[in-house]
1. Checking B:Ser129 against (1) in contact with a helix residue (DSSP H, G or I) (Cβ under 8 Å, 6 or more places away or on another chain); (2) among the polar types (S, T, N, Q); (3) closer than 30 Å to B:Val283 by Cα: exactly one of these is not met. Which one?
2. Return the residue satisfying two criteria in turn: it lies in segment B:47-80 and is outside any helix (DSSP H, G or I) and farther than 13 Å from B:Ala210 by Cβ, and of such residues it is farthest from the chain's Cα centre (by Cα).
3. Quick one: which of B:Leu212, B:Leu267 is within 23 Å of B:Ser190 (Cα to Cα) and buried (at least 16 other Cβ atoms within 10 Å of the Cβ)?
4. Identify, by number, the condition in (1) outside any helix (DSSP H, G or I); (2) free of Cβ contacts under 8 Å to residues at least 24 places away in the same chain that B:Lys44 doesn't meet.
5. Name the residue that is farthest from the other protein chains (Cβ to nearest Cβ), counting only residues in segment B:283-306 that are open to solvent by 40 Å² or more (accessible area, probe 1.4 Å), closer than 30 Å to A:Lys101 by Cα and of a type outside the set (Phe, Trp, Tyr).
6. Any chance segment B:193-203 includes a residue that's open to solvent by 10 Å² or more (accessible area, probe 1.4 Å), more than 15 Å from the chain's Cα centre (by Cα) and modelled with pLDDT of 95 or more?
7. How many residues does segment A:80-113 hold that are part of a helix (DSSP H, G or I), of a type outside the set (Asp, Glu) and under 26 Å from A:Met9 (Cα atoms)?
Amino acid sequence: MEQYSSKVMDHFAHPHNVGEIENADGVGTVGNPVCGDVMRLYIRVENNIINDAKFKTFGCGAAIATSSMVTDLVKGKSIDEALKISNAAVAEALGGLPKVKMHCSVLAEEALKSALDDYYKKQGKPSPVQIPAEAGHEHEME
Amino acid sequence: MRKVYLDHAATTPVHPKVLEAMMPYFSGKFGNPSNLHDIGREAKNAVEEARAKTALLIGAKPEEIFFTSSGAESNNFALKGLAQANSQKGKHIILSQIEHFSLLHPAKTLEKSGFTVTYLPTDKTGLVSPDDVAKAITKETILVSIMHANNEIGTIEPIEEISRITKEKGVLFHTDAVATTGWVPVNVDSLGVDALSLSGHQFYGPKGAAALYVRKGVRIKPQIEGGIQEDGRRAGTENVPALVGLGKAAELASAEVQNRMHATSQLRDKLQKGLQDHIEDMVINGHPERRLPHNLNVSFWYVEGESMLLFLNMEGISVSSGSACTSRSLKSSHVLTCIGTDAAVANGTLLLTLGTGTGAEDVDYVIEKLPPIVQRLREMSPLYEDMVKKKRSATR
């Protein structure tokens, strides 16, 4: 499909880190089957470093590719570094996304923030994460 | 790699005999049919021959056929043209909720200029109830438009029953037969309609050639003005080669429609059974019997349409999807919404439409390739994961 870059197609056809983590240190599930995207991100954290990340996604080519990319981007990062990962970074790492698919990268960012938020909660610490309510699902209405 | 095209509802290839019939009219017999000289007359004769063949296909008279550029244009012409020409009798129109956007959007436009429109629901198989039509008709109603069959879910509507009602009540009846013409028998008198849309590229004719049938005596206001073409009803120099192609495609369809129906419905049924045998948690949308012969609309739980489409494309298989992600508006199919399909499942819908060139090996190939794609996407899906876990804990 020419609307997707070859990097996006590669992450779609051969996604990295598909799966689940048992007893994960943080799990975030975002999205809505009605909208056609649901992402679930699992992270394992040791000494403040994310040493493993896995994902499951219900969604289109861009949704799967951005999920795969975000797991690549967080592995080996500290919690603080992970908090700074933006949807723009995900999209850029994929060589760009069609405008109508940028919301998938936003969802990937939210999935990450949701997993980090869960990590803080499981640790019993106050969470610095701000998850915008309902953000990332602004559909361009006709 | 085997290439299997299963998106005939989107378009069909031009039949070799159609292409052959069209060729002389590009550079050889290239005239403008409105001209009096021999070059013009030659082109005019070709257009009129195409008109006669198109009329024959649907049991109409040639003078009742108005050529347009597309099904969308025919639909716009029908709705606005009939409403505006008959507005002195009333300003109420009735449509179904599952009409093509080329009728729903002009209906919205008419609402802005003083018309009222009732959009009838369907049952869960996509059928419009003739009773609902009867109940919706008031003394202000001038036009009913219900599609002959729905292009997405394939359901064939009870046009004959509805036309008995519209005749009795003196209301005009238009049907969008873009999805049916060339695939099932279409006869304007048996159907009992006053206007009918059809489009060439749906039945092995070229793109850019379509028609609106308007029963003699029915008033219609031209939408594209400024020329004498189409008896003053639709201006614009005729696309002669394309119309010649439409005529030839109509001629072929007249001869072959019964065979086409039987052959493709058998293969479609084989495909449906093959998928049902190999994939769980899938739903066939549309009416089980009253359905277009080549149409299979199927929703798969827990997976999304575009991702299935991409994987199928990689295997050389072309289909369409009704998911939100594949529509430019990011909304899922209005047809599936109307028939009550769960919104999440609607996003996992594929539309497979066979053609006369589809063979048994093509069907076998799809039955081989699609189930593993669905399974692979399910294994990646959090919705599937949740379902499996739920099932496991329920059986404890």
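1. For B:Ser129, the failing item is (1).
2. Of all residues in segment B:47-80, those outside any helix (DSSP H, G or I) come to B:59-61, B:65-70.
Okay, now just the ones that are also farther than 13 Å from B:Ala210 by Cβ, so B:59-61.
On the way: B:Gly59: 19, B:Ala60: 20, B:Lys61: 23 Å.
Taking the candidates together, the pick is B:Lys61.
3. Numbers: B:Leu267 fails: within 23 Å of B:Ser190 (Cα to Cα).
Answer to the check: B:Leu212.
4. All conditions pass for B:Lys44, except number (1).
5. If we take residues in segment B:283-306 being open to solvent by 40 Å² or more (accessible area, probe 1.4 Å), closer than 30 Å to A:Lys101 by Cα and of a type outside the set (Phe, Trp, Tyr), then B:Ile284 is farthest from the other protein chains (Cβ to nearest Cβ).
6. Let us first name the residues in segment B:193-203 that are open to solvent by 10 Å² or more (accessible area, probe 1.4 Å), namely B:194, B:201-202.
From what's left, more than 15 Å from the chain's Cα centre (by Cα): B:194.
With modelled with pLDDT of 95 or more added as a condition, the list becomes B:194.
Taking every residue of segment B:193-203 in turn, at least one turns out to be open to solvent by 10 Å² or more (accessible area, probe 1.4 Å), more than 15 Å from the chain's Cα centre (by Cα) and modelled with pLDDT of 95 or more.
7. Within segment A:80-113, the first condition is being part of a helix (DSSP H, G or I), and the residues that meet it are A:80-83, A:87-93, A:99-113.
Now restrict to residues that are of a type outside the set (Asp, Glu): A:82-83, A:87-91, A:93, A:99-108, A:111-113.
This time we only want the ones that are under 26 Å from A:Met9 (Cα atoms), so: A:82, A:87-91, A:93, A:99-108, A:111-113.
Qualifying residue count, segment A:80-113: 20.
Quick grid of which residues meet (1) farther than 30 Å from B:Ala253 by Cα; (2) within 11 Å of another protein chain (Cβ to nearest Cβ); (3) open to solvent by 20 Å² or more (accessible area, probe 1.4 Å):
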| residue | (1), (2), (3) |
| --- | --- |
| B:Met308 | yes, yes, no |
| B:Gly316 | no, no, no |
| B:Gly340 | yes, no, yes |
| B:Thr353 | no, no, no |
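The values are calculated or read from the model by the stated rules, or taken from the named source; none is laboratory data. On a predicted model such as this, the values are computed, not experimentally measured, just so you know. Cβ sites come from the backbone with ideal geometry, for glycine too, and all protein chains shown count toward neighbours. Accessible surface is based on the protein model in full, side chains and every heavy atom, while ligands, DNA and RNA are left aside. Shrake-Rupley method; radii C 1.70, N 1.55, O 1.52, S 1.80 Å.
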